[in-house]
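To keep things clear, I will list the structure first and then write my remarks on it.
Coordinate-derived values only; no laboratory data. Computed from a prediction, not measured in an experiment: that's the story for all the values here. Cβ placement follows ideal geometry from the backbone for every residue including glycine, while neighbour counts extend to all protein chains displayed.
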Amino acid sequence: MPTEEILNLEELEENLDMRIECINLIKRTDSSSIYLLMNGNGKYILKRSLNGDIIKDYKNHETVYKIWESCKKDINFIIPKPFFCDIGSEWYLMEYIADANNLQDMVLNKNSANLEKQFNHVGNVLYQYHQCMTLHVRSKRKEFTEHNTLKSVLSSKKKKMFSDLLGHFDRGTYTIIFKDFKPSNVLIDKNNKIYLIDFQNIHYCAPFYYDIARFIDSLEVSTLFRSPLFYFLNRRRINRFTECFTKGYSEFKINNGLLNNARKMHQIEHIFMKKDKGHSTKAILLKMFYDIGV
Ligand SMILES: Nc1ncnc2c1ncn2[C@@H]1O[C@H](COP(=O)(O)OP(=O)(O)O)[C@@H](O)[C@H]1O
Ligand SMILES: [Mg+2]
């Protein structure tokens, strides 16, 4: 696909005040296009939103980056540096993570080695993210039930079921959550350094179990939808990955009953999320998967 069709290079150069030598589309997701951009000084990632405004993501990314900078000596993950948001708020520029893959692609790639160890580290990284963000995000905190999708859940016939499940979590389990913590938002480079990306929501408070539940459900669903045969042949391996991830979060803190509750809550929300976005076929497939527990 020629880049010119999507981005106006002259406008981009003027906006960035740099000469661009080369720009390539390297990933396309449901909500964004990710470009690798090169100029005389180096390589950058340009993230372009397909659903309009990206300013909120950029501002969140800046906030997380600043918090990360203040506690980076005590933690072992990295946040790519955000550089610049377009005047029209359609795209933003950030540091390019070289020689890295996202964890979801690594799972599907037969040649990936040491994945159990990586999942264990990623669990620990999530624990560190929760600690660090809960300490530093003081203003603008929101209850996760204020999120639009959860508002839809709570005004539907699932309200009682969802509220009963949520009622099992005491306030001591609440942290600032990542909200969209899933394997495709975790990058690992060739030196096994772990990077977190994609900060759509950084102010929500919820039981920490929520992020663990979303991560496990997303790993299963994305693997199944992207490669059903691989999923069925590797179910045991995938279960081991989730065990390593959960252990990495905390050997002692996880109560399996509460984790199951969090997964049921997330699964209800996940189906609503697809419905609200107008993806009704995906919503039906998800419901089937979650009901049958394939
Ligand atoms: N800074 C980066 N360096 C290298 N690859 C990246 C970077 N940011 C994103 N990617 C790649 O693009 C994919 C999608 O990026 P992401 O920000 O998660 O988009 P979306 O919000 O659409 O999910 C990632 O899984 C990763 O493979
Ligand atoms: Mg993402």
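Just checking, how many residues over the stretch 162-190 are in contact (Cβ under 8 Å) with a residue 24 or more places away in the chain and away from ligand 2 (no atom under 15 Å from the Cβ)? Final tally of qualifying residues: 12. For residue 20, indicate whether it is assigned to a loop (DSSP other than H, G, I, E, B), in contact (Cβ under 8 Å) with a residue 24 or more places away in the chain and β-branched (Val, Ile, Thr). So residue 20 does not fit the description; no.
Among the residues of this structure, residue 102 counts as one that is within 16 Å of ligand 2 (Cβ to nearest atom) and buried (at least 19 other Cβ atoms within 10 Å of the Cβ).
Search the stretch 190-208 for residues being aromatic (Phe, Trp, Tyr) and not in a strand (DSSP E or B), and hand back the single one that is farthest from the chain's Cα centre (by Cα). Show your work before the answer.
So in the stretch 190-208, the residues aromatic (Phe, Trp, Tyr) come out as 195, 199, 204, 208.
Add one more test, that the residue is not in a strand (DSSP E or B), and what stays is 199, 208.
On the way: 199: 7, 208: 15 Å.
Filtering first and then ranking leaves 208.
Within the stretch 58-84, residues that are in contact (Cβ under 8 Å) with a residue 40 or more places away in the chain reach partners that are of a type in the set (S, T, N, Q) and assigned to a helix (DSSP H, G or I) with beta carbons closer than 6 Å, at six or more positions or on different chains, in the pairs 75/128. Counting the residues of the stretch 136-161 that are within 30 Å of residue 195 (Cβ to Cβ) and in contact (Cβ under 8 Å) with a residue 24 or more places away in the chain gives 12. Considered as a group, the residues in the stretch 8-17 that are not acidic (Asp, Glu) and not in a loop (DSSP other than H, G, I, E, B) include one that is farthest from residue 95 (Cα to Cα), and that residue is 9.
Residue 211 meets each of the listed conditions (1) surrounded by fewer than 19 Cβ atoms within 10 Å (Cβ to Cβ); (2) acidic (Asp, Glu); (3) closer than 19 Å to residue 173 by Cβ apart from (1).
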